[in-house]
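> Please see the structure below; I have some questions.
Computed from the coordinates by the stated procedures, all read-outs in this text should not be read as laboratory data. Since we're looking at a predicted model, the values are computed, not measured. Neighbour counts run over all protein chains shown; Cβ positions are idealised from the backbone, glycine included.
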Amino acid sequence: MSDKRIFLGNVVLPDRVLSRSAVLTDNGRIAAVGAVKEIEQRAGPEAIRVDAGDGYIAPGYVDLHCHGGRGADFMDGTEEAFRTALAAHARHGTTSICPTTTVARHDQILRVLELCRQFRKQRPASVPRVLGAHFYGPYFNYEARGAHPGKEVRDPRPEEYEQYLEYADAITNATVAPELSGAEAFARACAANGIRTNAGHTHATFDQMAAAVRWGVRHVDHLYCAMSDKTKLRQKRTYPMQGGVLEATLYFDELTTEVIADGKHLSADLLLLALKLKGPDRLALVTDCNRALDMPDGRYLIGPLDGGEPLERRDNVGIMPGGTGLASSVMGMDHMVRTFAELTARPLWEVIRMATLTPACIAGWDREIGSLEAGKRADVLVLDRELNVREVYIEGRRQEAIH
């Protein structure tokens, strides 16, 4: 059987949509993008045709911030949990992912890093590509920990994080609250090991964020969520009013950021403000999804089964027990794309770029994934007019698990 495929439909590029065009894939890579007749002549009669009709051909989604799905959390620390969570997100169009840790014990975090290394080296069939771990927690500000367990929140210490950095080949990015003692040394150690550093779950001041940018921090986790702003900081100092992480993120061009566009975490006006100030090349969509993806309403844990924090799934979002706050999302990337498009009325190519090329750039993978360009890996989605995922291909192979 031929390895060549011709994908027909409205082709989504990083800066426009090509009406009724074609994408040719061959041997796991994108061979060409262009007019239907031109691509068909180049491919020859043996190529398999995949027709989206009046729907779309788009790049596979890239998720920088994801905790689990279908009842499994990456922090469960088993191969089965990894396969379950990864396969769940493939059904929602994600073809590349950064498994994201939580606040947990040292040994539990090490186990997840081991699994990220294993899955990064060899991808099982029918699951997204593991780009590397998002090392996320335990280096949070306790007051800004959100839904994460408080017991294991701690400052970075070289004797501990040097063991994590032994897995530098399996870590894509690492989060730290810049105001913590030891944060600068940790950020610089990450940079020395080729790991991108994020600021997150932090009550840093604007000045502390400015210092973090000088250390090499280049990304901020889930904009507006679990972070300081002028209102929070005013509770600690009457005058003068000062900016926090929110204001610094919007101010510094060096900083990229991300939003959870599930329609529950952020309203349309906040999404539009972030997009206006950061632009689609510095604002990524993430799921920040927990194990309750594709599960019924009820009680779950964020983080490991041994030591995780309770949450509730209801009204298509994660809620902390008693309704005291949000506890990450329970939806896949397809929902984020549809919701952002619906709430903001932005051009489709712009919205999909924020779920594909922009996160690929942030992760340092944009030469390989994130757009339908000749030479890149053939990660391709077939979407209908309503942006529902109909077929998923990773390196040219159809992912049967989504059906």
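> Among LEU223, LEU113, LEU343, determine the one that fluctuates most according to a GNM of the chain built with springs between C-alpha atoms less than 10 Å apart.
With Cα springs under 10 Å in the chain, the top fluctuation among LEU223, LEU113, LEU343 is at LEU343.
> In a GNM of the chain with a 10 Å cut-off on Cα contacts, which of ASP54, ASP379, ASP169 has the highest mean-square fluctuation?
ASP54
> For labels at GLN118 and ALA210 in the simple 7 Å Cα→Cβ model, what's the distance in nm?
4.7
> Using a Förster distance of 35 angstrom, determine the FRET efficiency expected from the C-beta separation of GLU40 and LEU277, and round it to 0.05.
Using R0 = 35 Å, I get an efficiency of 0.20.
> For labels at ALA268 and GLN163 in the simple 7 Å Cα→Cβ model, what's the distance in nm?
Going by the 7 Å Cα→Cβ label model, 5.0 nm.
> Given the C-alpha centroids of the stretch 59-100 and the stretch 208-282, what is the distance between them in whole angstrom?
A separation of 26 Å, based on Cα centres.
> Between MET331, MET320, MET241, which gets the highest mean-square fluctuation from a Gaussian network model of the chain, Cα cutoff 10 Å?
Answer for the Gaussian network model of the chain: MET241.
> Could you tell me what percent of the DSSP beta bridges with both partners in the chain are antiparallel, to the nearest 5?
Expressed as a percentage, antiparallel bridges in the chain total about 55.
> Pairs of Cα atoms under 8 Å, at least six residues apart: use those to get the relative contact order of the stretch 61-363, whole percent.
Relative contact order, the stretch 61-363: 20 percent.
> Looking at this model, which pairs from LYS236/LYS278; LYS232/LYS278; LYS37/LYS376 are more than 24 angstrom apart at the alpha-carbon?
LYS236/LYS278
> Quick check: net charge around ALA363, other residues with Cβ under 15 Å of its Cβ, Lys/Arg +1 and Asp/Glu -1? Please report the intermediate quantities before stating the final value.
Details: positive: ARG120, ARG129, ARG196, ARG218, ARG282, ARG353, ARG367, LYS376, ARG377; negative: ASP63, ASP169, ASP221, GLU258, ASP281, ASP366, GLU368, ASP379.
Taking every Cβ under 15 Å from that of ALA363, the sum is +1.
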